[in-house]
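The values are calculated or read from the model by the stated rules, or taken from the named source; none is laboratory data. A quick note: this is a predicted structure, and the numbers were derived from the prediction, not measured. FYI the Cβ positions are ideal-geometry reconstructions off the backbone, even for glycines, and counts take in every protein chain you see. The accessibility values were calculated without ligands, DNA or RNA, using every heavy atom of the protein model including side chains. Shrake-Rupley method; radii C 1.70, N 1.55, O 1.52, S 1.80 Å.
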Amino acid sequence: MAKQIAIFASGSGSNAENIIRHFENNPDVNIKLVLCNKKDAYVLTRAKNLGVPSVVFSKKQMEEGEILDLLKKEQIDFVVLAGFLLKVPDEIVAAYPERIVNIHPALLPSYGGKGMYGMKVHEAVVAAGEKESGITIHYVNEFFDSGTTIFQAKCEVLPTDTPEDVATKVHQLEYAHFPQVIESVLEKL
Ligand code: GRF
């Protein structure tokens, strides 16, 4: 039986699309659902174009347990956060121990925590004059950006790089590694 995966996303969804495409012809992995807390997010268009069902929900619905109920009903085995901006409620974390992974666009524990997302991360990295940045793929626990690290990859930050330049380099790392890392985690389940 294929492992059933749900992807949570809040924005553009380029990682979600990359992951969906990666597993398209893999009989062991089924990307069953895209879950999104923003009704206008482009990830919904991507999911539709790729033929993956999506569900839009509010923070309140998630906090009141509706999303955990949905995950159970859909028999989801594993959750991927790909640019998902809300905190995952403790009940979901408890129901999926070491079965929720997130990608963070920096080298945790640096540039993580509440409020550190998207361009804010890259702006902070450039403002601090860092010489490198990268990605961190980690398990999700009850605190922001603090679960066990599974994988990191680095890129160089040049003194002339803008936050947009860093974002481009980091996205390339995300596309190159996130699907493979998910695949290897799933193989060990
Ligand atoms: C990525 O940089 C991811 O690391 C971060 O949010 C961004 C989402 O980009 N958490 P996209 O929606 O996948 O295009």
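Let's see how each residue does on (1) of a type in the set (V, I, T); (2) modelled with pLDDT under 95; (3) within 14 Å of the chain's Cα centre (by Cα); (4) over 30 Å from A2 (Cβ atoms):
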{"residue": "V29", "(1), (2), (3), (4)": "yes, no, no, no"}
{"residue": "L35", "(1), (2), (3), (4)": "no, no, yes, no"}
{"residue": "M62", "(1), (2), (3), (4)": "no, no, no, no"}
{"residue": "I76", "(1), (2), (3), (4)": "yes, no, no, no"}
Kindly indicate whether N102 is surrounded by 12 or more Cβ atoms within 10 Å (Cβ to Cβ) and more than 20 Å from N18 (Cβ to Cβ). no
Here is a list of conditions, (1) in contact with an Asp or Glu (Cβ under 9 Å, 6 or more places away or on another chain); (2) open to solvent by 70 Å² or more (accessible area, probe 1.4 Å), and K38 meets all of them except one; can you say which number that is? (1)
Quick check on region 16-41: of everything there that is touching a helix residue (DSSP H, G or I) at 6+ places or on another chain (Cβ under 6 Å) and within 20 Å of E187 (Cα to Cα), which residue is farthest from the ligand (Cβ to nearest atom)? V29
Of the residues in region 134-146, those that are within 14 Å of the ligand (Cβ to nearest atom) and out of contact with any Leu (no Cβ under 6 Å at 6 or more places or on another chain) come to I137, H138, V140, F144
Would you please name the residue that is surrounded by the fewest Cβ atoms within 10 Å (Cβ to Cβ), looking only at residues in region 113-147 that are in a loop (DSSP other than H, G, I, E, B) and modelled with pLDDT of 95 or more? G129
Given the criteria in contact with a strand residue (DSSP E or B) (Cβ under 8 Å, 6 or more places away or on another chain), of a type in the set (A, V, I, L, M), touching a residue at least 24 places away in the same chain (Cβ under 8 Å) and part of a loop (DSSP other than H, G, I, E, B), does L173 qualify? no
Condition met for S54 (out of contact with any strand residue (DSSP E or B) (no Cβ under 6 Å at 6 or more places or on another chain) and modelled with pLDDT of 95 or more): no
Go through region 73-93 residue by residue and tally those that are of a type outside the set (D, E), open to solvent by less than 80 Å² (accessible area, probe 1.4 Å) and over 22 Å from K38 (Cβ atoms). 1
